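Heads up, the thing below is written out as structure tokens.
The values are calculated or read from the model by the stated rules, or taken from the named source; none is laboratory data. The shown structure was predicted, so the numbers you read here are calculated from the model rather than taken from an experiment. In this analysis, Cβ positions are derived from the backbone assuming ideal geometry, glycine residues included, and neighbour counts consider all displayed protein chains. The area values use the complete protein model at the heavy-atom level, side chains included, leaving out ligands, DNA and RNA. Shrake-Rupley method; radii C 1.70, N 1.55, O 1.52, S 1.80 Å.
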Amino acid sequence: MLGGDGYLGWPTAMHLSAAGHEVTVVDNFLRRAMATELGADSLTPIQSLQERIRAWKAVSGRNIDAVIGDLTDPYFVDQVFKEVRPDGIVHYGEQPSAPYSMIDRKHAVLTQRNNVEGTLNVLFAMRDFASDAHLMKLGTMGEYGTPDIDIEEGFIEINHKGRSDVLPYPKLPGSMYHLSKVHDSHNIHFACRVWNLRATDLNQGVVYGIRTDETDLDERLCTRFDYDEVFGTALNRFCVQAVVGYPLTVYGKGGQTRGFLNIVDTIQCVRLALENPASAGEFRVFNQFTEQFSVRDLALHVERVGEGLGLNAEVKGVQDPRIEAEEHYYNAAHTKLLELGLKPHLLDDDVVAHLLQ
Ligand code: NAD
Ligand code: USQ
């Protein structure tokens, strides 16, 4: 579990451990350091990784191993692969924020070096020490951008001058972060074609929520929850804003439409991919989200449910600090995980109320 100390990584590590998998977490605490750099913090009081692992052992009786180190260090990555010999690699270990990657050149370069080099090191270590293992790499729906045609799951059939082929879907990412994921996708696809590795690129939408069956077992097991403008994501931010009576910050016209999913479905999707691996040489792409909303509709949903709970929730349009289409066509396919058995937890009034409480 690369990046297993993060928002999604820690709950996934516990879930896979609970399901009987032997889990080793790898992390260098970059995320905790970036929060410190920006003077931001998790709203939930997160424990150190070591304390989390002790608490998990006490609560579940199961072990999670941890190796601390940087994926951009090739010698470290090789060593981990030689020692652990993984059957499956869940790769969350990247800089995940679009706004962070757009602060300035330094942050853009850090993001691309961290993400692209880290993933390259993983691919080389797989080739040399775990060539039969299955890589599940967290990509992002933002790799596709917002084209004026339907978005397919990774590949599109193109007819050109009387001939046709199924080729990677064109990418139009909107930030240096999203662009780093495009580079990763190309590198992983290459490694599958040329080295016969097996991989699933999980093009995930925006995740919301913090509670899973495992985090609910003990407060020391909770995951991080960020609400600042750099690391907080749309629905999570809107909920915190509603609770503290701060206007819900819909950027620009609010027609930005994205795929969303509950954190419990992130975990479910990763487990489905792990337990149904790609074939040798296969590069699979799954669009990992359960429903799509515009940020305006999402904020209005929070406003309505918040008012019902007596909160002073009010949507306020603010100037968009990002360069992005504020109204656009969006229709993205997302059937492959459903075909594998995904049972979506959709966003209704009860879920929004639950998030607000
Ligand atoms: P996160 O920052 O909380 O988790 C990433 C973890 O990876 C952190 O613990 C960080 O310290 C670690 N890490 C980063 N670079 C590393 C390196 N070089 N070596 C070792 N560890 C390193 O982010 P998250 O929100 O949990 O996202 C996890 C993954 O899912 C990311 O790849 C992100 O791009 C992707 N993703 C997230 C969302 C979302 O809404 N949260 C949506 C789509 C995709
Ligand atoms: N937005 C607002 N108001 C806010 C915050 C965001 O209107 O207060 C808008 C943004 O402008 C954007 C949309 O909401 O149009 C989504 O922004 P976000 O911050 O929720 O998500 P994003 O920057 O796209 O990144 C997040 C994760 C990233 C992941 C991505 C999935 O941080 O790791 O890759 O979601 S996706 O959006 O599908 O690319």
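Miscellaneous remarks
- Here segment 164-294 has 53 percent of its accessible surface on carbon and sulfur atoms, given a 1.4 Å probe and all protein chains in place.
- Note on K137: aspartates and glutamates with a C-alpha under 12 Å away, same-chain residues under 8 apart excluded, are E94, D184, D201.
- Surface accessible to a 1.4 Å probe, per residue, for the residues of segment 76-185, Å²: 47
- For the chain, adding -39500 (n - 2.57) for each run of n ≥ 4 DSSP H residues and dividing by the number of residues yields -11500 deg cm²/dmol at 222 nm.
- Residues whose amide H falls under 5 Å from that of L248, counting only those 5 or more places apart or on a different chain, are E314, V315, K316, with hydrogens built in the peptide plane.
- For segment 232-357, the relative contact order comes to 43 percent (Cα pairs under 8 Å, sequence separation of at least 6).
- Taking the average, over residues, of other Cβ atoms within 10 Å as the packing measure, peptides 341-352, 117-128, 94-105 rank 117-128, 94-105, 341-352 from highest down.
- Surface accessible to a 1.4 Å probe, per residue, for the residues of segment 261-326, Å²: 45
- Cross-link partners of K343 among aspartates and glutamates, defined as those whose alpha carbon lies under 13 angstrom from its own and excluding same-chain residues fewer than eight positions apart: D265, E291.
- Fraction of accessible area attributable to carbon and sulfur, segment 55-146 (%, probe 1.4 Å): 49
- Length-normalised contact order of segment 184-260 in % [C-alpha pairs under 8 Å, at least 6 apart]: 26
- 5 angstrom amide H check on G205, placed H, neighbours 5+ away: M141, Q288, F289
- The amide H of D320, built 1.01 Å from its N in the peptide plane, has G252 as neighbours under 5 Å, considering only residues 5 or more places off or on other chains.
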